[in-house]
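All remarks here apply to the structure that follows.
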Amino acid sequence: MKIVVLAKQVPDTRNVGKNAMKEDGTVNRAALPAIFNPEDLNALEQALRLKDKHAGSTVQLLTMGPGRAADIIREGLFRGADGGVLLTDRKFAGADTLATSYALSRALQKLQPDLIIAGRQAIDGDTAQVGPQVAEKLNFPQVTYAEEIVGYNGKEIVIKRRLEHGVETVSSTLPLVVTVHGSAAPCRPRHAKCLMKYKHSRTATEQQENPSPYYNESLRITEWGVADVGGEEQQFGLSGSPTKVKKIENIVFAAKEAKRLTAADKDVEELVIELIGNHTIG
Ligand SMILES: Cc1cc2nc3c(=O)[nH]c(=O)nc-3n(C[C@H](O)[C@H](O)[C@H](O)COP(=O)(O)OP(=O)(O)OC[C@H]3O[C@@H](n4cnc5c(N)ncnc54)[C@H](O)[C@@H]3O)c2cc1C
């Protein structure tokens, strides 16, 4: 089984500072500490479990982002993935979910996987749109909110979904797009052997910019741009994005803004009146 995990490098939203946004309304990713999107780690674990069960299967990571997003591929390699592709090009910058899913789907058409596993949601955009959009663009069926990929019998894959009021078990044929919920099993830690093997893995650009004497071709992380994935240029990046992020700001509650309430009807009633009054509800 050829599995591709969609993994995003996200700003650690626990740390949004004042220069988080650029003048043009796009996120200033260089100014924010970057992490592996949490639910994409759950997605990676589901992929690695399938690889453990089905000999000959491979797990590749696919991430779209600036050069430093190669860290996402390395992190996946350290945990047991077989390789990855960094989709990076200035023409991808400023992409909303439509343009992001278009670029990812172009790369996936080139990779031809049997199974695509994404996280349910990224902690920065928070839209949970990319997984389903990729499925639509590839005309693949999709199973979202997966909590566990139970198994694959060569014909059908069985998946448990985490829903609001319980768990639902569904099955599908391949190819398929699955999005994984944070209630799924946590990702296994880095494996010492994989860490030793891949610690000098890098993209050609990284090797050019900061050569490592330990680097060799077998440690190359594939880098693709618009020219490698083809497609209609105006559908990539800012030009392909009907949604523009106008402004994000860091909301820090000051102590005086907090109010302690009891469960008494009077307190609850006053709170509801206040929330309606400031248009938070109603
Ligand atoms: C505060 C904020 C608000 C935003 N609001 C919107 C909005 O309302 N509408 C909109 O269209 N865009 C919005 N964006 C832009 C959006 O974040 C980007 O388009 C982003 O690349 C994808 O959307 P997302 O972060 O919501 O990801 P989600 O759709 O939540 O991601 C779901 C999954 O898709 C995969 N995935 C997502 N991005 C990538 C990637 N770059 N590489 C590999 N896999 C990936 C991951 O597996 C991820 O778990 C917003 C951005 C910010 C910072």
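Here are the numbers for this structure:
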quantity	calculated
The lone exception for Glu156 - which of (1) near the ligand (Cβ under 10 Å from one of its atoms); (2) farther than 25 Å from Ile73 by Cβ it fails	(1)
Members of segment 204-242 that are under 19 Å from Gln60 (Cα atoms) and under 20 Å from the mean Cα position of the chain (by Cα)	Ile221, Thr222, Glu223, Trp224, Gly225, Val229
Subset of segment 71-98 (residues that are more than 17 Å from Thr58 (Cβ to Cβ) and either open to solvent by 50 Å² or more (accessible area, probe 1.4 Å) or free of Cβ contacts under 8 Å to residues at least 12 places away in the same chain (or both))	Asp71, Arg90, Lys91, Ala93, Leu98
Given (1) over 13 Å from the mean Cα position of the chain (by Cα); (2) part of a loop (DSSP other than H, G, I, E, B), number of the condition Val150 does not satisfy	(2)
Test: Leu62 is crowded, with 22+ Cβ neighbours inside 10 Å, more than 18 Å from Cys187 (Cβ to Cβ) and within 11 Å of the ligand (Cβ to nearest atom)	no
Conditions (1) open to solvent by 20 Å² or more (accessible area, probe 1.4 Å); (2) within 12 Å of the ligand (Cβ to nearest atom): number failed by Gly67	(2)
Neighbours by Cβ (under 8 Å, 6+ apart or cross-chain): first from segment 149-173, open to solvent by 50 Å² or more (accessible area, probe 1.4 Å); second acidic (Asp, Glu)	Lys160/Glu147; Lys160/Glu148; Lys160/Glu168; Arg162/Glu147; Val167/Glu147; Ser171/Glu156; Thr173/Glu156
Yes/no for Thr169 being in a strand (DSSP E or B) and either within 15 Å of the ligand (Cβ to nearest atom) or at pLDDT below 95 (or both)	no
Residue within segment 99-115 that is touching a residue at least 12 places away in the same chain (Cβ under 8 Å), within 13 Å of the ligand (Cβ to nearest atom) and part of a loop (DSSP other than H, G, I, E, B) present	no
Residue tally, condition within 13 Å of the ligand (Cβ to nearest atom) and in a strand (DSSP E or B), over segment 116-147	8
Residues of segment 196-238 that turn out to be within 16 Å of the ligand (Cβ to nearest atom), at pLDDT 95 or above and not in a loop (DSSP other than H, G, I, E, B), as a count	9
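The values are calculated or read from the model by the stated rules, or taken from the named source; none is laboratory data. Since the model is a prediction, treat every value here as computed from it, not as a measurement. Glycine also receives a Cβ, built like all others from the backbone with ideal geometry; neighbour counts cover every protein chain displayed. Note: areas computed on protein heavy atoms with side chains; ligands, DNA, RNA excluded. Shrake-Rupley method; radii C 1.70, N 1.55, O 1.52, S 1.80 Å.
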